[in-house]
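Working notes for the structure below.
Nothing in this text is a laboratory measurement; each read-out follows from the coordinates by a stated rule. Predicted model, so just to flag it, every value in this text is computed and none were measured. Positions of Cβ are backbone-derived with ideal geometry, glycine not excepted, and every protein chain shown enters the neighbour counts.
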Amino acid sequence: MNPSTPSRTALATSLMRAVHSRKDPLPLLSDTWGDLLVPESAKAAMLQRVMARMEATKPGLTPGGVQDLDLALRSNPAYGGVILRSRYTEDALQQAIGKGIVQYVIIGAGFDSFLCRRPAWAEGLTIIEVDHPASQRLKRERLAACGVSVPCSVEFVEADLSMEALGSALTRSSFQRDRLTFFSWLGVTTYLTREANLKALRSIATCARAGSEMVFTYLDEAILHSGDEEFLRLKSNVSAAGESFLSGFDPRRISGLLLETGLRLLEDLNGIQAATRYDPASLNAFRTSVAAHMAHVRVVGAGSFA
């Protein structure tokens, strides 16, 4: 990723949530904020890149409007996973609030719109968004341009987490270590090395009170070395955007690995299982992968096997 430019994948996933809310027959989210937060220039550039890749296989797809971009985004192999992980995370957050969670830390927040559409059950929540400076600055500019008044219960922390531990970054906010916290870390681990991911997991377990929870996504590491054609196309596309896939985890061993970092695995769903849970009749026709995982964990303490 170019440190001076916002994340292209963050822009794309925001638009995917908006497209899903507008177009799919069984919306799992009501989130059209991507239509407003993503600049028109970014949409045009995204469509141009997509058209260059899809021209050979989609001869009827021509530039000229949001309908074309909608179609391109819905055709992306990652589309279903983006929607499912967002719904799963917000369901887990709602349940956690019922257990006393009072802080929500969104790691790699991108253009997440939770602060714009905060439901009644999250009214008392302190929201802290942590992301790379370039992405976060553009998001704040777009919030202002859209007339969004950011409440005092929402904070932004600029941080390059490949260079700085999360705990250190959170010292620049009102984050309170002694309060129960929910963390979301979506669509990030694949773009970091294994060492960086383990460091981040330990940092979360160290800076958060026991009983805090998190949802994060990861890829089954086996697919990174497979010959799966659809995955190879996706891998090529994100690499072209400057955000290459770097690592994954083994689902068979992740529970033990997480315990070593201070996190207890509560649930691990692959893409097929998530789609079955949220769209059992396949009305949305999500293309999901058994290699895409969502893990729900609880903090038990660094290095603890309790």
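Quick notes on this structure:
- Alpha-carbon Rg/Rh ratio, for the chain, with Rh computed the Kirkwood way: 0.94
- Assigned charges on the beta-carbon of Lys, Arg, Asp, Glu; the chain dipole about Cα centre (debye): 180
- Take every Cα pair under 8 Å whose residues are at least 6 apart in sequence, average their separation, divide by the length of the stretch 79-299, and the relative contact order is 22 percent.
- Two-site FRET efficiency, L71 against R140, from Cβ-Cβ distance with R₀ of 35 Å, rounded to 0.05: 0.70
- Among A275, Y191, S75 the positive-end extreme of the charge dipole of the chain (Cβ point charges): A275
- Cα pair distances exceeding 26 angstrom across the stretch 110-246, given as percent: 33
- Alpha-carbon centroids, the stretch 84-115 and the stretch 170-209: separation in whole Å: 14
- Antiparallel bridge percentage (DSSP; both residues within the chain; nearest 5): 40
- Residue with peak Gaussian network fluctuation, the chain [Cα springs, cutoff 10 Å], from G227, G81, G262: G227
- Among A205, A274, A72, the residue with the largest mean-square fluctuation in a Gaussian network model of the chain, with springs joining Cα atoms closer than 10 Å, is A72.
- At R0 = 35 Å, FRET efficiency that the Cβ-Cβ distance of R287 and R177 yields, to 0.05: 0.30
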